[in-house]
Amino acid sequence: MIEPADPRSRPLTAEAKAPKVLVVEGAQTLSQVLQHTIEREIGAEVTVCHSLAETRVALARTDIDVALTGHEMPDAPDGGILALLAEYQVPTILLSGSVSEELRLNYAKYRLADYIQKEGPAALPAAVSAVERILSNRSVSILVVDDARAARADLVNFLRLQNFRVIEATTGRQALDYLARDPSIEVVITDYYMPDMNGYDLTKSIRLQHGSDRLRIIGVSASRDRSLSAQFLKAGASDFLYRPFVPEELQCRINNTVETLLQLKRLRHLAEHDPLTKLYNRRAFFERGARLLARLDGGHGQGAIAILDIDHFKRINDSFGHERGDVVLKAIADILLEACHEKGLIAARLGGEEFALLLPDTTIANAEAVCEDVLRRVRQCQVGVGDTLLPVTASIGLSSLHPGEPLDNQLNAADQMLYLAKSAGRDQLFSESGIRNN
């Protein structure tokens, strides 16, 4: 069954509270530097403690998301601080002048998420980076596939120490079912030997549905067959590890996998979004429109398409300059982004002052109500120009989506409705049911 998500694993929203970081450090100067750097670069709320006693009080009062600590405190020799943090199950990063070989090889046993050695000027940035990584891990969902309970539990516990959201599957078919139901899964770690299908076949099945740019696969096995790694990689796996794991290597491999996903997300975002307004660009809009039309062709649902055009935008640019015109474009984009969040529509900037809207799973009457609300918000939007406020209005053309018709044709239908709205005086909506004045 799917494990319930730990609250720490959920991505932060604009309304979410700042993450809470605990810094346990006996040196006053270093603790202050760490506090100020973490607060400035990560935006976290930092609590600083200088002893085991202070740490105990802080843990009792506050739910801590991640701790950064030294190995020994004056009142806690021999790593007593680590035992306390483990008792509260806080993901912990050790910042220490020296790390024993035993601790290095078995740091998962001590419930450490990572360790940083105080070696030169790079130690501080590395520590802050580790804190940021552990905090960001809570937005990553990892599916672990292994029919052996003990082996699966070891891996799951290790991943949860890293602050990941973890989902467990015991068979390949169960894993495929979870992937179909939970689009948040971005990493799959699968064992080779399983009762229904081996990890190699599971990897091939996953790759038929999910590209490596959106989902990464790590194969694992306790087999002595050294050719397994090549088989997994040829089947589409991103990485492979042999058991028993070296914890530090496992952590680095997973970190690299997640970092690759993050970089791919950034590149995909740049490729799909208009840099000025942050809305989808024309290409991304057509890709999503094609998927929506495919659903309609299969008899699933209904929808509508609209084009919004800012009224007299050329006059704004000519009178007040393109910089002010950009401010108007951003203001309209913010309204559309808010509507996307509230109504579930898809918005894009087609170019210039034209924006396109896809309204899935809705009737034309409901689509009209959404578009009228957008126009009302545009009217309420006023852009400052010197000491005056510049009123802004827009016109919208709206059309139902029709199965079997190319998206270009559907967009042209909405464009014809937009032409009628502008011909009728602008600042209004024109749809298949006629003119709609607010």
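The values are calculated or read from the model by the stated rules, or taken from the named source; none is laboratory data. Since this is a predicted model, take the numbers as computed values, not measurements. Cβ atoms come from the backbone with ideal geometry, glycine included; neighbour counts cover every protein chain shown.
So, in segment 324-353, how many residues would count as being part of a loop (DSSP other than H, G, I, E, B) and either crowded, with 20+ Cβ neighbours inside 10 Å or basic (Lys, Arg) (or both)?
Residues in segment 324-353 being part of a loop (DSSP other than H, G, I, E, B) and either crowded, with 20+ Cβ neighbours inside 10 Å or basic (Lys, Arg) (or both): 2 in total.
Name the residues in segment 54-67 that are of a type in the set (Ser, Thr, Tyr) and either within 16 Å of ALA127 (Cα to Cα) or in a helix (DSSP H, G or I) (or both), would you?
THR55
Pairs only if they're at least six apart or on different chains, beta carbon under 6 angstrom, first in segment 422-433 and in a loop (DSSP other than H, G, I, E, B), second surrounded by fewer than 17 Cβ atoms within 10 Å (Cβ to Cβ); list them, first residue then second.
Going by the 6 Å Cβ cut-off, the qualifying pairs are ALA424/ILE435; ASP427/THR393; GLN428/ASN437.
For segment 284-318, what are the residues that are basic (Lys, Arg) and within 28 Å of the chain's Cα centre (by Cα)?
Result: ARG288, ARG291, ARG295.
Consider LEU233 carefully, then state whether it is in a helix (DSSP H, G or I) and either farther than 30 Å from SER129 by Cβ or not assigned by TED's automatic domain parsing to the domain that holds HIS341 (or both).
Against the criterion (in a helix (DSSP H, G or I) and either farther than 30 Å from SER129 by Cβ or not assigned by TED's automatic domain parsing to the domain that holds HIS341 (or both)), LEU233 qualifies.
Tell me yes or no: at least one residue of segment 365-386 is in a strand (DSSP E or B), surrounded by 14 or more Cβ atoms within 10 Å (Cβ to Cβ), modelled with pLDDT under 95 and over 30 Å from the mean Cα position of the chain (by Cα).
Yes - at least one qualifying residue is present in segment 365-386.
Could you list, in sequence order, all residues of segment 268-279 that are of a type outside the set (A, V, I, L, M, F, W, C) and in a helix (DSSP H, G or I)?
ARG268, HIS269, GLU272
Just to be sure before I move on: is LEU279 touching a residue at least 60 places away in the same chain (Cβ under 8 Å), surrounded by 21 or more Cβ atoms within 10 Å (Cβ to Cβ) and either hydroxyl-bearing (Ser, Thr, Tyr) or touching a helix residue (DSSP H, G or I) at 6+ places or on another chain (Cβ under 6 Å) (or both) in the structure I sent?
Spelling it out, LEU279 is indeed touching a residue at least 60 places away in the same chain (Cβ under 8 Å), surrounded by 21 or more Cβ atoms within 10 Å (Cβ to Cβ) and either hydroxyl-bearing (Ser, Thr, Tyr) or touching a helix residue (DSSP H, G or I) at 6+ places or on another chain (Cβ under 6 Å) (or both).
Kindly provide the set of residues from segment 280-307 that are in a strand (DSSP E or B) and either touching an Asp or Glu at 6+ places or on another chain (Cβ under 7 Å) or modelled with pLDDT under 90 (or both), ordered by number.
Correct list: TYR280, GLY303, ILE307.
Residues in segment 154-188 that are outside any strand (DSSP E or B), within 26 Å of ALA130 (Cβ to Cβ) and not polar (S, T, N, Q): how many?
Result for segment 154-188: 8.
Of the residues GLU119, GLU87, which single one is over 31 Å from the mean Cα position of the chain (by Cα), within 28 Å of GLU45 (Cα to Cα), surrounded by fewer than 16 Cβ atoms within 10 Å (Cβ to Cβ) and not assigned by TED's automatic domain parsing to the domain that holds LYS204?
From the options GLU119, GLU87, the qualifying one is GLU119.
So, in segment 296-323, exactly how many residues are within 25 Å of ASN409 (Cα to Cα) and crowded, with 16+ Cβ neighbours inside 10 Å?
Counting residues in segment 296-323 that are within 25 Å of ASN409 (Cα to Cα) and crowded, with 16+ Cβ neighbours inside 10 Å gives 11.
Which residues, taken from segment 45-68, are buried (at least 16 other Cβ atoms within 10 Å of the Cβ) and within 20 Å of TYR115 (Cα to Cα)?
Scanning segment 45-68 gives VAL46, THR47, VAL48, CYS49, HIS50, LEU52, THR55, ILE64, ASP65, VAL66, ALA67, LEU68.
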